[in-house]
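Structure record follows, encoded as structure tokens.
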Amino acid sequence: MSSLVELELAAVDWSTLRAAAGLDARTVPEKVASLVASASEEEAQQAYWRLDNFVVVQGQLFEVAQHLVPVLLAALAGPLSSAAREAIADLLVEISCGESDQSELAIGNDGLGQACRAAVGEGIWLIHGLLLEQDPCTRRWAVIIIQAADPNRDRALRIISHFAREDPDESVRKDAQLALEEMA
């Protein structure tokens, strides 16, 4: 695990954060370490699911998600397997497109979705870098994240338009076109 990821993990008191179904957020560093170290698609998927139904469940975000974003962005800045990079992008899609869970709303945390998108927006250049990956799925995730979280809408439109026209993969072009339609 890179020193940058370790630094971001150390900057958070995970024991104070709420996760899904009362799960213990102190396990986040271990879960992130598994994801970052994933060498195969199977390992990455197992690590992904240890975080997915923990910080976000079917689009419903928990407090821990906002604090996980800088850690995931730090991971993207370092060396990763293609499978780990794709799984991190997938998790960032879920977080970027999510909204506060009912349990968060009940305690007045209704801005969690916006806060998560703002946190992703702070590292949007790392998401732009995902557009250069060979894996079309990773590029598709990047388009969705950019649509949801890029704080510069004009830039997002230009980038997504480019991929709607120019990406060599039809599924990426289609997702980019859908993103453009939703942004219009």
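Any read-out appearing in this document is the output of simple, stated calculations on the displayed coordinates, not a laboratory observation. Keep in mind that what you see is a predicted model, and the values were worked out from it rather than measured. FYI the Cβ positions are ideal-geometry reconstructions off the backbone, even for glycines, and counts take in every protein chain you see.
What the table below lists for this structure:
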{"item": "From phi via Karplus (6.51, -1.76, 1.60), per-residue ³J(HN,Hα) for the range 52-64 in Hz, x at Gly/Pro", "result": "4, 7, 10, 9, 8, 10, 6, x, 9, 8, 10, 3, 4"}
{"item": "At R0 = 41 Å, FRET efficiency that the Cβ-Cβ distance of Glu170 and Glu6 yields, to 0.05", "result": "0.55"}
{"item": "Rg to Rh quotient for the chain, alpha carbon positions, Kirkwood Rh", "result": "0.96"}
{"item": "Rounded Å value of the spacing that divides the Cα centres of the range 5-66 and the range 127-177", "result": "25"}
{"item": "Fraction in percent of alpha-carbon pairs per bin - 10 Å, the range 1-105", "result": "17, 52, 29, 2"}
{"item": "Amide proton proximity set for Arg18, modelled H, under 5 Å, gap of 5+", "result": "Glu63, Val64"}
{"item": "Rounded to whole Hz, the Karplus (6.51, -1.76, 1.60) HN-Hα couplings of the range 107-116, x for glycine and proline", "result": "10, x, 8, 8, x, 5, x, 5, 5, 5"}
{"item": "Dipole of the range 3-152, positive direction: furthest Cα of Ile146, Leu35, Gln46, with charges on the beta-carbon", "result": "Ile146"}
{"item": "Long-range HN-HN contacts of Ser100 with modeled amide H, under 5 Å", "result": "Leu61, Leu112, Gly113"}
{"item": "Estimated dipole of the chain in Debye, rounded to 20 [Cβ of Lys and Arg +1, of Asp and Glu -1, Cα centre]", "result": "320"}
{"item": "Estimated [θ] at 222 nm from DSSP helical runs (n ≥ 4, -39500 (n - 2.57)) normalised by residues in the chain, nearest 500", "result": "-21000 deg cm²/dmol"}
